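Remarks on the structure that follows.
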Amino acid sequence: MPIIVGISGFLLLFLADALDVLTLNRGGDKRMHKITASLRIVGYSAVSIPLLWVVLNLSTQTQWFSWPGLARVALWMFAAFSLGMLLWTVFFEIRTIRKKKGIPEDALVSEGSYSRCRHPGFWWFVALALCLGVLEPSDDNVLMLFLMILLDLILIWVQDVIFFPKLFAGYSGYKKAVPFLIPRRWRHKSR
């Protein structure tokens with residue numbers, strides 16, 4: 001079942017963060033950095049499997065209902081937009097800001113969408129999962145997508161409370177200035 005692969009992906013992402021903290025405590029290790037990078041690639045790939053399962057409509061269960069043409073197209077367009085924003089926020093935005101502003105690789109980024117809430121990618125993941133659940137509504141799909149959202153929430157909470165304060169200097173100040181999940185209306189002025 002694809003949910004087992006998804007759960008494994010979240011566990012690998014958790015392990016990668018834990019190894020980053022351990023490596024940091026030992027003064028950094030290039031070999032360990034390659035291992036954690038590989039764990040993240042496999043972890044994110046595994047997390048995508050349940051989403052692909054729903055997109056490809058591999059569930060053998062009967063759907064509760066099917067959306068009419070235009071509504072279905074609009075939902076697929078919003079799902080594609082959510083996927084694009086998720087990829088941008090999690091994989092490209094921080095790298096782009098670091099390069100543009102000359103921020104070191106291990107430094108905290110508190111600009112862009114990260115000035116509105118500390119985990120903006122969560123909302124794009126939720127939007128994507130909800131769209132897929134509405135587009136392909138079966139018991140298995142909805143349960144699997146709900147579990148994926150819950151696992152993502154647990155992962156970002158653990159990152160926020162345990163890992164990121166150890167990995168990023170100034171994270172406690174960032175936590176005081178920028179909300180966890182509910183985006184602020186106005187941008188936080190970065191330092």
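Can you figure out the FRET efficiency of Leu143 with Ser38, using R₀ = 22 Å and their beta-carbon distance, to the nearest 0.05? Before the final figure, lay out each step's value.
On the way: r = 30 Å, r/R0 = 1.37.
E(calc), rounded to 0.05, equals 0.15.
Can you sort Asp160, Asp152 from fewest to most other Cβ atoms within 10 Å of each residue's own Cβ? All intermediate terms of the calculation are to be shown ahead of the outcome.
Numbers: Asp160 16, Asp152 20.
Ordered by Cβ neighbours within 10 Å, fewest first: Asp160, Asp152.
Write down the Å³ per residue value for the convex hull defined by the alpha carbon atoms of the range 120-186. Don't jump to the answer; show the numbers that get you there.
On the way: hull volume 5.6 nm³, N = 67.
Given the Cα convex hull of the range 120-186, per-residue volume reads 84 Å³.
What's the FRET efficiency of Asp160 with Val21 using the Cβ-Cβ distance as r and R₀ = 22 Å, to the nearest 0.05? Could you put the intermediate results ahead of the total?
On the way: r = 13 Å, r/R0 = 0.61.
Result of the calculation: an efficiency of 0.95.
Most mobile of Gly43, Gly112, Gly173 per a Gaussian network model of the chain (Cα springs, under 10 Å)?
Gly173
Please identify the helices of the chain, taking whole runs of DSSP H, that span at least 24 Å along their own axis as judged from the Cα atoms and have a mean Kyte-Doolittle score of 0.5 or higher. Intermediate results must be reported in sequence, preceding the final value.
Numbers: long enough: 2-25 (35 Å, 1.80); 30-55 (37 Å, 0.77); 69-87 (27 Å, 1.73); 139-158 (28 Å, 2.01).
What comes out of the filter, once short or polar helices are dropped, is 2-25, 30-55, 69-87, 139-158.
On the principal axes of its Cα set, how long, how wide and how thick is the chain? Give whole Å, largest value first.
So the extents along the principal axes, rounded to whole Å, are 53, 38, 25.
Suppose only helical runs count, i.e. DSSP H with n ≥ 4. What mean residue ellipticity at 222 nm does that imply for the chain under -39500 (n - 2.57) per run, divided by all residues and rounded to the nearest 500 deg cm²/dmol?
On the way: 8 runs with 125 residues, N = 191.
When only DSSP H runs of four or more count, the value is -21500 deg cm²/dmol.
Please state the relative contact order of the range 2-177 as a whole percent: Cα pairs under 8 Å, 6+ residues apart? Working shown, then result.
Details: 164 pairs, mean separation 52.8, N = 176.
Computed value for the range 2-177: 30 percent relative contact order.
If the cut-off is 23 Å between C-alpha atoms, which lysines fall inside it for Lys30, apart from same-chain ones fewer than 8 positions away?
Lys99, Lys166
Lys/Arg Cβ at +1, Asp/Glu Cβ at -1, dipole of the chain taken about the Cα centre: which of Ala107, Val5, Asn141 is farthest positive-ward?
Farthest along the dipole direction, towards plus: Ala107.
Using Cβ counts within 10 Å as a stand-in for footprinting exposure, how do Met77, Met32 rank, fewest first?
On the way: Met77 11, Met32 15.
Lowest to highest Cβ neighbour count: Met77, Met32.
Rounding to the nearest 20 debye, state how big the charge dipole of the chain is about its Cα centre with +1 on each Lys and Arg Cβ and -1 on each Asp and Glu Cβ. Display every interim value, and only then the final one.
Values: 21 positive and 12 negative charges, 241 e Å.
For the chain, the charge dipole is close to 1160 debye.
So for the range 68-176, considering every pair of alpha-carbon atoms, how many percent are separated by more than 22 Å?
Working: 2431 of 5886 pairs.
Looking at the range 68-176, the distances longer than 22 Å represent 41 percent of pairs.
Coordinate-derived values only; no laboratory data. Remember, predicted model here, so these are calculated numbers, not experimental data. Quick reminder, even Gly has a Cβ in these numbers, built from the backbone with ideal geometry, and neighbours come from all protein chains shown.
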